[in-house]
Amino acid sequence: MGHSLIRPIIIMGVMYAVLKFVLPNIPGSAALPSSLILLYLLLTLSGIIIFETVSAESKDAFWGPMQKFLTGDNIGGLKPFRYGILIFFPLLVGWQTYNATAPSGQPPTESRVIHPAPPGEYTGLVNPVPKTPENIMQGKGFYAAFCSPCHGANFDGKGPAARGYNPPPANFADPTTIAMLQESYLFWRIKKGGVGLPIEGMPWKSAMPRWELELPDEWIWKIIMGEYDGAHQSPRTWE
Amino acid sequence: MSPGSPWGNEASMNPVKLTVQWSVYVKWVLIATLIMGGGTDGLAQESVAVRASLVSGALPVDDPNAAAWNGAAPAVFPMSPQVHWPDRIQEVTVQDLTVRALHDGTQVAFLLEYNDPTEDPDDAAAIEFMVGDKKAHFAHGQPMLLVDGGPVNIWFWKHKDNKGVDMWAKGFGTLRPHSHQDVKAKGEYANGKWRVVFSRSLVTEHPDEDMQVTPGRFVNIAFAVWDGRKDATGQLIEKGSQKAVSSWWYFRAEPPPDYSGYLYAGVAAVLALGFQFVLIRKLKEGQSA
């Protein structure tokens, strides 16, 4: 009979462990928000309650121990635990209410899309500059002159001018930056700069210059080649 | 209750079984606490926001060295050379800026502190705010191509004038002083460090041009500093858009203490206690029936 309560508790515990610790570690998955975990646990609990109350016997076996525990009849050494629960529950409700109603002292949360979609006219553009050693070398020279103060001589986003900027300049050596992008995407970002970002990219926070005002397109394409070569990355392709 | 319930027979009182049940219930309570707690919210990061403490009495608007500033929490912001606008610079003197703020419910005062090896007449500092609800680019409210941006309100101080200038901009080249001047500023240099106080009333009569302070509400804030040193030819090295700048951060004038959360929590706890009482009473009535 004791199994009638222990089993649901074990099921709930296992479910919680799976949602909290196992699912996030599955490749391609991510940590579940606590609200979603709570929803899944409530669904699990509902299923358990339905299952355990389908017959009069199982219903008594399921609710009986809880009723006895709450009323305190014949629970022997569990009495202190019962008092603890009866004190803990109102305190928990009060604590949750305080958290829900107390004014927040934290700044607004910001969610920035790091690689927002480019305008349609930039999709699929092909670098018109031949990928020759001379052009790559020239691109690295332009990079050193115009980009390295922020993005770093080592293409790692740690240039001498980077420290005050939030968001920080991109680290091209990181495989999650230019290696995930096509050359046409970089062309758009370099040409239009921070002020050319859509609203989800938070254009008001980006220090990236609008290089189309200062550099010809050919130089920008060469800079892109220099960036990929210097950061030891390759542009993303559709193949 | 079924007659075979372990809670109602002697076997359930076996110490070994009780130990197992206790451990299970303790785990269950811990899990419930974790769930109800909503996970781990990130702790507040310092230097994301300047917080103006609410004080009684006069603000030290004319005294950068006043003891009252010791009661204001410092926020430290890294600075970078301005690179966004073409007339850029690649190296600047000031690397970090420490900012404190106080308010008294009608006025707000900011204290900017930074290291500068030399005292020069052209040493200068500025605070920038977004105005209204529209987002503005941190570089003078530079127009954005896909987003309709707003203007910025700039409070400027220069050593040789030692006063505040209240300005407005919506992009480089549009900077102009307000026809109304609401900002006061005063700087003092000592031991290789500038301390500059800016102050203004929380609200002004020009909400379209000035940042308005509502206690409890965050507004965006950024900073700029010019080291007024000159090169060998006598030319200013940092001038105009060639300056040290910060990104957008946040500013909030702290609201008066609000204890309503404790009241709501108390009411909720009493209601939960009452619910327990009624529930147990009903259960007991059911058992005795």
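Every read-out reported here was derived from the displayed coordinates using simple, explicitly stated rules and does not represent laboratory data. Here the structure is a predicted model, which means the values were calculated and not measured. Every residue, glycine as well, gets a Cβ built from its backbone with ideal geometry; the counts of neighbours run over all protein chains shown.
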List the lysines whose alpha-carbon lies under 28 Å from that of residue A:131, not counting same-chain residues fewer than 8 positions away?
-> A:140, A:158, A:191, A:192, A:222
From the backbone phi of the stretch A:116-131, what are the Karplus-calculated ³J(HN,Hα) couplings (6.51 cos²θ - 1.76 cosθ + 1.60, θ = phi - 60°) in whole Hz, Gly and Pro given as x?
-> x, 5, x, x, x, 5, 9, 5, x, 4, 10, 4, x, 8, x, 7
Please go through the stretch B:132-185 and write out the trypsin sites (Lys or Arg not before Pro) that DSSP classes as loop and that have at most 12 other C-beta atoms within 10 Å.
-> B:160
Cα centroid of the stretch A:183-224 to Cα centroid of the stretch B:59-111, whole Å = 31 Å
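Give me the net charge for the shell around residue B:72: Cβ to Cβ below 10 angstrom, other residues only, Lys and Arg +1, Asp and Glu -1.
On the way: positive: B:51, B:100; negative: none.
With Lys, Arg at +1 and Asp, Glu at -1, the net is +2.
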Ordered by residue, what ³J(HN,Hα) values in Hz, to whole numbers, does the stretch B:228-235 give under the Karplus form 6.51 cos²θ - 1.76 cosθ + 1.60, where θ = phi - 60° and Gly and Pro are x?
-> x, 5, 10, 7, 4, 8, x, 8
For a quick protection proxy, order the peptides B:56-62, B:114-120 by their average other-Cβ count within 10 Å, most packed first.
-> B:114-120, B:56-62
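Per-residue mean of other chain beta-carbon atoms within 10 angstrom of the beta-carbon, peptide B:132-141? Let's see the in-between values first.
Details: counts 0, 0, 1, 5, 1, 7, 7, 6, 0, 1.
That works out to 3 on average.
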Mind sorting B:99, B:219, A:113 by how few other Cβ atoms lie within 10 Å of their own Cβ, fewest first?
-> A:113, B:219, B:99
For residue A:20, counting only lysines whose alpha-carbon sits under 19 Å away and dropping same-chain residues fewer than eight positions off, the answer is B:27
In the stretch A:180-239, which chymotrypsin sites (Phe, Trp or Tyr not before Pro) are in a loop and have at most 15 other Cβ atoms within 10 Å, using DSSP for the loop call?
-> A:238
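Given Cα pairs under 8 Å that are at least 6 residues apart, what percent is the relative contact order of the stretch A:120-230? Could the numbers behind the result be given before it?
Details: 157 pairs, mean separation 38.5, N = 111.
Value for the stretch A:120-230: 35 percent.
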Just A:65, A:27, A:167 to compare: in a GNM of chain A, with alpha carbon springs under 10 Å, which one fluctuates most?
-> A:27
Test item: Cα-centred dipole of the stretch A:120-230, Lys/Arg +1 and Asp/Glu -1 on Cβ, debye | 300 debye
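If you average the sequence gap of Cα pairs under 8 Å that are 6 or more apart and divide by the length of the stretch B:54-109, what percent do you get for the contact order?
Values: 69 pairs, mean separation 24.9, N = 56.
Dividing the mean separation by the residue count of the stretch B:54-109 yields 44 percent.
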Relative contact order (%) - chain A, alpha-carbon pairs under 8 angstrom, separation at least six = 17 percent
Looking only at A:212, A:227, A:52, which one moves most when chain A is put into a Gaussian network model with springs between Cα atoms under 10 Å?
-> A:52
Leaving out same-chain residues fewer than 8 places away, which lysines sit with a Cα under 20 Å from that of residue B:284?
-> A:59, A:68, A:79
